[in-house]
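Colleague: Please see the structure below; I have some questions.
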């Protein structure tokens, strides 16, 4: 599992559940960078939530929309801390409770209440359509929100004639670490992370606003462009909205869950994570920012890492000097530059016998064929360099053209 995202860096912009999301990605080998753009006001310390709970106990709603399971559980916990849980549950006993998805329904049942209807699509739009079809004019509708933004439900019901009471279980505040956010913006703009993850629309919008004030908005957008180097990911379509508005198309899981988001990230990032080949010296893993030979880290410069990645991706085929030059920084057209880069690469422990010169053609890695037992190939490769580097041994050449060596 650690090989899936090994060597990749992922920037997290959330505070709530950041540890859970980060741990899931770290188990797959990713290095996590935290840059929480907003803070969360804990529900137990939120006087506004307590006041709203007392209001609803005194004036129970006809309809309650539960948007998230964690939100309802947090509300009940906050009510319990204020000594109001029993009265709240009693006030909601005769209320028509609508769940925005199975998790919300599960929390409703856990609280000892019943769900009259569940939106299987887990979208606010389906909830709105259902209740408008029933009619909400003159009814008291309470909507439990999950921190920021109401997905348009409050205005939708109010326009249809309902009396709406929003219940915000937790609220957002300023970033707990503005310096970390600034560093995170720089990392994205400089393409020093492989992905940036958003779990709410306000966080996405705030991150973009911070990038503007930091003077790096255009660079952030360019880095997160579909053809850019930084993958943007959003937990759902609402979260993706602010990003799409500026031309960023994030990946979005089919199910709006952190687990599904992690799976989509792994699927999208894994091809970037490593070029993996089997060699006579062991398994070589070349990742975005590091390389390991049989589990041992290789001390490589960025240029050396780029050349080694190119060779590994070729899977034993010849890589021309021109291709190597194209991977190196600068605008050099001198073939000697490629030769020097390869010479420095060979200085890394274990690489000298693996990086082979193919005369007049380029370079290749000594890669084991998948269908040959490793012990046999290791024996066959125990040859002097002048023989091993003979172009006639190039496996990319037709077998009839390969020379016979003792």
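Colleague: Quick test for you: out of 386, 294, pick the one residue that is surrounded by fewer than 16 Cβ atoms within 10 Å (Cβ to Cβ) and either closer than 17 Å to residue 275 by Cβ or modelled with pLDDT of 90 or more (or both).
Modeller: Testing whether each residue is surrounded by fewer than 16 Cβ atoms within 10 Å (Cβ to Cβ) and either closer than 17 Å to residue 275 by Cβ or modelled with pLDDT of 90 or more (or both) leaves just 294.
Colleague: Just to check your reading of the model, which residue among 275, 233, 240 is farther than 30 Å from residue 351 by Cβ, in contact with a strand residue (DSSP E or B) (Cβ under 8 Å, 6 or more places away or on another chain) and assigned to a strand (DSSP E or B)? Can you show your working first?
Modeller: Values: 275 fails: farther than 30 Å from residue 351 by Cβ; 240 fails: assigned to a strand (DSSP E or B).
Unique residue meeting the criteria: 233.
Residue-by-condition table, conditions (1) free of Cβ contacts under 8 Å to residues at least 12 places away in the same chain; (2) under 12 Å from residue 54 (Cα atoms); (3) outside the structural domain of residue 50 (by TED's automatic domain parsing); (4) not in a helix (DSSP H, G or I):
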site: 73; (1), (2), (3), (4): no, no, no, no
site: 77; (1), (2), (3), (4): no, no, no, no
site: 88; (1), (2), (3), (4): no, yes, no, no
site: 103; (1), (2), (3), (4): no, no, no, no
site: 109; (1), (2), (3), (4): yes, no, no, no
site: 113; (1), (2), (3), (4): no, no, no, yes
site: 120; (1), (2), (3), (4): no, no, no, yes
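Colleague: Another question, if that's okay. Looking only at residues in region 241-259 that are modelled with pLDDT under 90 and out of contact with any helix residue (DSSP H, G or I) (no Cβ under 6 Å at 6 or more places or on another chain), which one is surrounded by the fewest Cβ atoms within 10 Å (Cβ to Cβ)?
Modeller: 254
Colleague: Got a sec? Which of 211, 201, 133, 189 is free of Cβ contacts under 8 Å to residues at least 60 places away in the same chain and more than 24 Å from the chain's Cα centre (by Cα)?
Modeller: The match here is 133.
Colleague: Return only the number of the condition from (1) out of contact with any helix residue (DSSP H, G or I) (no Cβ under 8 Å at 6 or more places or on another chain); (2) at negative phi; (3) surrounded by 14 or more Cβ atoms within 10 Å (Cβ to Cβ); (4) modelled with pLDDT under 90 that residue 336 does not satisfy.
Modeller: (3)
Colleague: Let me ask another. Please state which one of 362, 350 is at pLDDT 90 or above, buried (at least 18 other Cβ atoms within 10 Å of the Cβ) and within 22 Å of residue 278 (Cβ to Cβ).
Modeller: From the options 362, 350, the qualifying one is 362.
Colleague: Follow-up question, since we're still on this one. Which of the residues spanning region 150-186 are under 23 Å from residue 224 (Cα atoms), at pLDDT 95 or above and touching a strand residue (DSSP E or B) at 6+ places or on another chain (Cβ under 7 Å)?
Modeller: Scanning region 150-186 gives 180, 184.
The values are calculated or read from the model by the stated rules, or taken from the named source; none is laboratory data. Just so it is clear, the model here is predicted, and its values are computed rather than measured. When we count neighbours, we look across all protein chains shown, and the Cβ atoms used for this are built from the backbone with ideal geometry, even at glycine.
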